[in-house]
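Reading through the structure tokens given below for one structure.
The values are calculated or read from the model by the stated rules, or taken from the named source; none is laboratory data. Treat the numbers as computed from the prediction; the structure is a model and nothing was measured. Virtual Cβ from ideal backbone geometry, glycine too; neighbours counted across all protein chains shown.
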Amino acid sequence: MTTRTRSGPFRRRTYTRRLAIIGLALACLAIFTLYFRESDSGPPHSVQDAAGGVVAPVQTVAARAIEPGQDAWTWARDTNAARSRAADLEQENAMLRSELVAARAGADRAEATRGMATVGTTFARDYERVPALVIAKSEPAWYERGRIDVGTSDGVVVNSPVIAPAEGGAALVGVVTAARPGSADVTYITDPQSRVGAIVVGSGNHPGILEATTSGQLKLEGVDRDAAVEEGQFVVTGGFSSLDLPSVYPPELQIGQVTGVGSQETDIEQSIQVTPFVDTRTLREVVALAPSSPRALRRAQG
């Protein structure tokens, strides 16, 4: 039964489909041959023009209908590309900024170290110099306190003196009052709570206590009226302090310069104004003195 069915109607349908395909192929070949051989005014060209005239309005309407969608797609694509590019540029800028900050920090540390090279030797053997950068300051009184980027992991402890580059070597700027592994807080000598035992060089070593004024300047109190103090003389640490405030500073650290001297006839002490060598308001790099000798450690313990 299957063999007879395939040999009858099935074969005829197959032959019919094949003949139709061959006929269509030959017709297309004939039309293309005629199209390319005839002039522009021939029948195939006329049919093409007529069909184009019918389809053109539909194409125009369709193009206008999809134009907003195309514009929206183009805008979304361009916006996404712009955002991606902006993100790449921001990341690149962040990397460049971090490299610049690191380079500046390295340069500042190197400069600070060079500035400490001329510090006196009377205390140098008792301390290790630890260059540091000021990374935070008290607001709004910039001359009171600061934070540096070294700490106990670098040997810096509470009561470590802090100095900074100044004309003639280095000058005292404060003392560490809080220390952590990676940072430390410094109370400047221009803080109202600060007290430093000091002497005026060339005045006969008369002792005095250096305190801050409200303007961030300094005044030296307790110096006898008979002491030969004049404007322009240098003020240095004396290695002592008042009885209720142990000295944490080694002697002969530069502090500032006398800029005013006065007294009344009834006064037994002089009023001495001192301008510090270092302006703590604009301070950027310092050197913390980490105690390394038994004497320096005892001094830091108060």
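List of remarks:
- Count - residues of the range 208-219 that are surrounded by 18 or more Cβ atoms within 10 Å (Cβ to Cβ) and either at pLDDT below 85 or out of contact with any Phe, Trp or Tyr (no Cβ under 9 Å at 6 or more places or on another chain) (or both): 6
- Number of residues in the range 254-278 that are of a type outside the set (Ser, Thr, Tyr), free of Cβ contacts under 8 Å to residues at least 40 places away in the same chain and part of a loop (DSSP other than H, G, I, E, B): the value is 2.
- Scanning the range 109-168 for residues that are of a type in the set (D, E, K, R) and at pLDDT below 70, we see that the one that is surrounded by the fewest Cβ atoms within 10 Å (Cβ to Cβ) is Arg114.
- Pick from the range 257-298, criterion acidic (Asp, Glu) and surrounded by 14 or more Cβ atoms within 10 Å (Cβ to Cβ), ranking: nearest to the chain's Cα centre (by Cα): Glu285
- Residue selected from the range 189-207 under the condition among the aliphatic types (A, V, I, L, M) and over 39 Å from the mean Cα position of the chain (by Cα), by the criterion surrounded by the fewest Cβ atoms within 10 Å (Cβ to Cβ): Val201
- Yes/no for Gln254 being at pLDDT 90 or above and closer than 16 Å to Pro161 by Cα: yes
- Test: Ala81 is modelled with pLDDT of 65 or more, of a type outside the set (Lys, Arg), over 15 Å from the mean Cα position of the chain (by Cα) and not in a helix (DSSP H, G or I): no
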